[in-house]
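Dumping the structure here so I can ask a few things about it.
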Amino acid sequence: MILTNFQRVKKLGGNLIKHPDLIGPYLRTNVFSRQSPIEIRTAWWSFLAIREVDTLIRDRRIFEYGLGGSTVRWAAKSAAWTGIEDDTIWLETVKCALGSETSAHVDLQLSKYRFRREDGPFEESDYLLALNEHYDGILIDGRDDNFKDRICCFYHAENFVNCGGFIVVDDFWRYEALLNEHRAKRVQIFESVGPCRWGVTSTAIFHY
């Protein structure tokens with residue numbers, strides 16, 4: 001979704017008109033505050049998707065590719081949370097933000113991968129294969145330099161999501177091809193403004 005600046009502004013205005021209840025949160029997190037998602041303890045997703053996942057996450061076993069504000073917002077509310085991160089400094093940043101909420105049921109792991117061809121096939125990487133047991137929810141929001149690795153994560157995740165569970169794919173406007181082939185019973189696409197970003201983004205939830 002490559003847009004001109006005019007198209008971005010037009011899309012932003014149209015989205016706020018469509019969802020007037022998001023004007024307040026948008027102004028608070030984008031205009032009146034310069035804090036990061038970690039600092040305001042929320043996911044860097046569309047507001048509509050954040051609201052939906054708030055209703056899904058409690059007391060469920062969750063796996064997450066790529067740590068961040070989502071970890072800080074939801075890890076303590078889950079029954080068990082396993083998160084994979086490729087960046088050492090970012091891993092420690094998230095752990096610090098969690099503080100005392102990092103308990104026995106929260107397992108944040110470092111799995112280094114430079115996401116380049118010389119590192120070997122992504123399909124064989126420890127990062128991808130760290131997901132090796134079933135979970136109720138799987139969040140895909142990790143690094144993706146070529147816009148292909150999250151797709152690989154998605155199809156791998158479909159083998160490990162429980163019946164009645166869900167998979168979240170953030171920045172879904174880059175991955176709409178996933179709609180052509182998946183095993184989900186239904187898909188929700190949440191397109192709206194979000195925290196700490198000027199424009200409109202989209203987040204998809206696949207329900208199994």
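May I ask for log10 I(q)/I(0) of the range 92-208 at q = 0.18 Å⁻¹, from a Debye sum over the Cα atoms as equal point scatterers with solvent left out?
These q points yield log10 I(q)/I(0) values of -1.12.
Excluding GLY69 itself, what net charge comes from residues whose Cβ is under 10 Å from its Cβ, given Lys and Arg +1 and Asp and Glu -1? Working shown, then result.
Details: positive: ARG41, ARG73; negative: GLU39, ASP141.
Overall, the nearby charge balance is 0.
Tell me, LEU129, LEU67 in order of fewest to most beta-carbon neighbours within 10 Å? Write out the running numbers ahead of the final one.
Numbers: LEU129 11, LEU67 28.
With the sparsest Cβ surroundings first, the list reads LEU129, LEU67.
Related question: Applying a 10 Å radius around every beta-carbon, put 134-143, 77-86, 177-186 in order of their mean neighbour count, most first. Working shown, then result.
On the way: 134-143: 23.0, 77-86: 20.2, 177-186: 11.7.
Ranked by mean Cβ neighbours within 10 Å, highest first: 134-143, 77-86, 177-186.
Please report, in debye to the nearest 20, how large the charge dipole of the range 106-176 is about its Cα centre when each Lys and Arg carries +1 at its beta carbon and each Asp and Glu carries -1 there.
Details: 8 positive and 16 negative charges, 44 e Å.
Dipole magnitude for the range 106-176 comes out near 220 debye.
Estimate the FRET efficiency between ASP21 and TRP90 by the formula 1/(1 + (r/R0)^6), using the beta-carbon distance for r and 35 Å for R0, to the nearest 0.05. Kindly include the intermediate steps, with their values, before the conclusion.
On the way: r = 32 Å, r/R0 = 0.91.
That gives a FRET efficiency of 0.65.
Right, another one. For ARG58 paired with LYS112, estimate the spin-label separation in nm (one decimal), with each label point 7 Å from Cα along the Cα-to-Cβ line.
Between ARG58 and LYS112, the label points sit 4.1 nm apart.
Grab the eigenvalues of the alpha-carbon gyration tensor for the chain, scale each by 5, take roots, and send me the semi-axes largest first in whole angstrom. Please report the intermediate quantities before stating the final value.
Details: eigenvalues 134, 82, 63 Å².
Semi-axes (√(5λ), whole Å): 26, 20, 18.
Here's another thing I want to ask about it. Is it possible to state the helix-based mean residue ellipticity at 222 nm for the chain, with each DSSP H run of 4+ residues giving -39500 (n - 2.57), the sum divided by total residues, to the nearest 500 deg cm²/dmol? What is it?
Numbers: 8 runs with 60 residues, N = 208.
Theoretical 222 nm ellipticity from helices: -7500 deg cm²/dmol.
Now for a different question. Kindly rank 40-46, 91-97, 108-114, 19-25 from highest to lowest mean number of other beta carbons found within 10 Å of each residue.
Details: 40-46: 22.7, 91-97: 17.0, 108-114: 15.1, 19-25: 13.3.
Put in order of decreasing packing, that is 40-46, 91-97, 108-114, 19-25.
Go ahead and run the numbers for FRET between ASP126 and GLU176, Cβ-Cβ distance against an R0 of 22 Å, rounding to 0.05. Kindly include the intermediate steps, with their values, before the conclusion.
Values: r = 28 Å, r/R0 = 1.29.
The value I calculate is 0.20.
Same structure, new question: Near ALA79, within a Cβ-to-Cβ distance under 12 Å, what is the net charge of the other residues, with Lys and Arg +1 and Asp and Glu -1? Show your work: numbers first, answer last.
Working: positive: ARG58, ARG60, ARG61, LYS77; negative: ASP59, ASP136.
Once all neighbours under 12 Å are counted, the net charge is +2.
Oh, and also: In nm, to one decimal, how far is the SER33 label point from the GLN188 one, both placed 7 Å along Cα→Cβ?
Between SER33 and GLN188, the label points sit 2.3 nm apart.
Provide the packing ranking of 27-33, 156-162, i.e. peptides ordered by the mean count of other C-beta atoms within 10 Å per residue, highest first. Walk me through the numbers on the way to the answer.
Details: 27-33: 13.1, 156-162: 17.1.
Packing proxy ranking, top to bottom: 156-162, 27-33.
Same structure again: Name the residue, out of ALA130, ALA75, ALA104, whose mean-square fluctuation peaks in a Gaussian network model built on the chain with Cα pairs under 10 Å.
Taking springs between Cα atoms under 10 Å, the residue moving most is ALA104.
None of the figures in this text is laboratory data; all of them are computed from the coordinates on show. Remember, it's a predicted structure, so these values are computed and weren't measured experimentally. Because the Cβ atoms are built from the backbone with ideal geometry, glycine has one as well, and the counts that use them run over all protein chains shown.
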